[in-house]
Amino acid sequence: GAGVSQSPRYKVAKRGQDVALRCDPISGHVSLFWYQQALGQGPEFLTYFQNEAQLDKSGLPSDRFFAERPEGSVSTLKIQRTQQEDSAVYLCASSLWGDPGTYYEQYFGPGTRLTVT
Amino acid sequence: LAKTTQPISMDSYEGQEVNITCSHNNIATNDYITWYQQFPSQGPRFIIQGYKTKVTNEVASLFIPADRKSSTLSLPRVSLSDTAVYYCLVGDRYYGGSQGNLIFGKGTKLSVKP
């Protein structure tokens, strides 16, 4: 079946521009995560949704970062007034959710590589 | 979460067995050890999880000694396509599942040469 998809795969933005990154999770997956991965580093958590509710946004680095999932499926990560330090790969992951005693694996998308010039 | 330490990089040749060791001295009683694999230009993917002794699946084996202060991911007869970054993570049984976010280190970059 289809996995997690992300678009665009590559994005070049000039400093100060706003960008929007899209994530299409696996159908039926309740949980959705965004991660940021700088070059040579492991992914770092940004935010977490359960359906349309944003339950954790503790990893968002500044108020220029905003994420939404209005209908509980597709999610968009928006970065306003991009800065060079925002250059990174942005990964989306989704998982099932239900029984708190069951482990539901996170499935990652290929990521969007953002380059801010 | 227990801190983990693993080599930054490793080189190998096709057909060899590769063993990547991860140290986790402060592992808690309820913690499991999970390994993720990340190919270039892809997101990480779960490859194996274990609590103690040995776990084997179609991709890899995971060896965990009795004191659980370290673990070794073993990849049999690697090929060029096994070139990837391998991350060792330690947390409770549900760590990184639907209930919470994953915390990755820098991982071990494995380069397989012909």
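Counting residues that are under 30 Å from A:W34 (Cβ atoms) and at pLDDT 90 or above, which strands (runs of 3 or more DSSP E) fully inside region B:44-114 reach at least 3? Before you say what the answer is, go through the steps one by one.
On the way: elements: B:45-50, B:53-56, B:61-64, B:70-75, B:84-92, B:108-113.
Hits in region B:44-114: B:45-50, B:70-75, B:84-92, B:108-113.
Here is a check on your reading of the model: is A:P61 within 30 Å of B:Q6 (Cα to Cα), more than 14 Å from chain B (Cβ to nearest Cβ), touching a residue at least 12 places away in the same chain (Cβ under 8 Å) and out of contact with any Ser or Thr (no Cβ under 9 Å at 6 or more places or on another chain)? Even if it seems obvious, please write down each step before you answer.
Details: within 30 Å of B:Q6 (Cα to Cα): yes; more than 14 Å from chain B (Cβ to nearest Cβ): yes; touching a residue at least 12 places away in the same chain (Cβ under 8 Å): yes; out of contact with any Ser or Thr (no Cβ under 9 Å at 6 or more places or on another chain): yes.
It is true that A:P61 is within 30 Å of B:Q6 (Cα to Cα), more than 14 Å from chain B (Cβ to nearest Cβ), touching a residue at least 12 places away in the same chain (Cβ under 8 Å) and out of contact with any Ser or Thr (no Cβ under 9 Å at 6 or more places or on another chain).
Any residue in region B:22-48 that's within 14 Å of B:L73 (Cα to Cα): show its pairings with residues that are small (G, A, S) at Cβ separation under 6 Å, as long as the two are six or more apart or on different chains.
B:C22/B:S71; B:S23/B:S70; B:H24/B:A2; B:I33/B:G50; B:I33/B:S71; B:Q37/B:A84; B:I47/B:A60; B:I48/B:A60
Hey, among A:G109, A:G59, which residue is under 30 Å from B:Y32 (Cα atoms), within 12 Å of the chain's Cα centre (by Cα) and at pLDDT 95 or above?
Working: A:G59 fails: at pLDDT 95 or above.
Being under 30 Å from B:Y32 (Cα atoms), within 12 Å of the chain's Cα centre (by Cα) and at pLDDT 95 or above holds for just one of A:G109, A:G59, which is A:G109.
So which residues in region A:8-41 are of a type in the set (S, T, N, Q), surrounded by 14 or more Cβ atoms within 10 Å (Cβ to Cβ) and within 28 Å of A:A53 (Cβ to Cβ), if there are any at all?
Here is the first cut: in region A:8-41, the ones of a type in the set (S, T, N, Q) are A:17, A:27, A:31, A:36-37, A:41.
With the extra rule that they be surrounded by 14 or more Cβ atoms within 10 Å (Cβ to Cβ), the set shrinks to A:17, A:31, A:36-37, A:41.
The answer is A:S31, A:Q36, A:Q37.
Inspect region B:9-26 for any residue being part of a loop (DSSP other than H, G, I, E, B), more than 13 Å from the chain's Cα centre (by Cα), modelled with pLDDT under 95 and not aromatic (F, W, Y) and give the result as yes or no. Spell out the reasoning first.
Step one: filter region B:9-26 for residues part of a loop (DSSP other than H, G, I, E, B), giving B:14-17, B:24-26.
Filter again for more than 13 Å from the chain's Cα centre (by Cα), leaving B:14-17, B:25-26.
In the following step, the residues that additionally are modelled with pLDDT under 95 were identified as B:25-26.
Those left that are additionally not aromatic (F, W, Y): B:25-26.
So far as region B:9-26 goes, yes, one or more of its residues are part of a loop (DSSP other than H, G, I, E, B), more than 13 Å from the chain's Cα centre (by Cα), modelled with pLDDT under 95 and not aromatic (F, W, Y).
Being away from chain A (no Cβ under 14 Å) and either surrounded by 13 or more Cβ atoms within 10 Å (Cβ to Cβ) or within 30 Å of A:T102 (Cβ to Cβ) (or both) is true for just one of B:K52, B:K106. Which residue is that? Talk me through it step by step, then tell me what you get.
Values: B:K106 fails: away from chain A (no Cβ under 14 Å).
Going through B:K52, B:K106 in turn, the sole match is B:K52.
Collect the residues in region B:38-94 that are over 14 Å from the mean Cα position of the chain (by Cα) and within 30 Å of A:S5 (Cα to Cα), keeping them in residue-number order.
If the condition is that a residue be over 14 Å from the mean Cα position of the chain (by Cα) and within 30 Å of A:S5 (Cα to Cα), then B:P40, B:S41, B:Q42, B:G43, B:E58, B:V78, B:S79, B:L80, B:S81, B:D92, B:R93, B:Y94 are the ones that fit.
Looking at A:T47 and the list (1) within 13 Å of the chain's Cα centre (by Cα); (2) polar (S, T, N, Q); (3) within 12 Å of another protein chain (Cβ to nearest Cβ); (4) more than 26 Å from B:Y87 (Cβ to Cβ), which single condition is not satisfied?
Of (1) within 13 Å of the chain's Cα centre (by Cα); (2) polar (S, T, N, Q); (3) within 12 Å of another protein chain (Cβ to nearest Cβ); (4) more than 26 Å from B:Y87 (Cβ to Cβ), only one is false for A:T47: (4).
Conditions tested, residue by residue: (1) within 21 Å of B:I103 (Cβ to Cβ); (2) within 14 Å of chain B (Cβ to nearest Cβ); (3) not hydrophobic (A, V, I, L, M, F, W, C).
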{"residue": "A:R9", "(1), (2), (3)": "no, yes, yes"}
{"residue": "A:V12", "(1), (2), (3)": "no, no, no"}
{"residue": "A:D18", "(1), (2), (3)": "no, no, yes"}
{"residue": "A:L21", "(1), (2), (3)": "no, yes, no"}
{"residue": "A:Q36", "(1), (2), (3)": "yes, yes, yes"}
{"residue": "A:V74", "(1), (2), (3)": "no, no, no"}
{"residue": "A:S87", "(1), (2), (3)": "no, no, yes"}
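The values are calculated or read from the model by the stated rules, or taken from the named source; none is laboratory data. These numbers come from a predicted model, not from an experiment. All Cβ positions, even for glycine, are placed from backbone atoms using ideal geometry, and neighbour counts span all protein chains on display.
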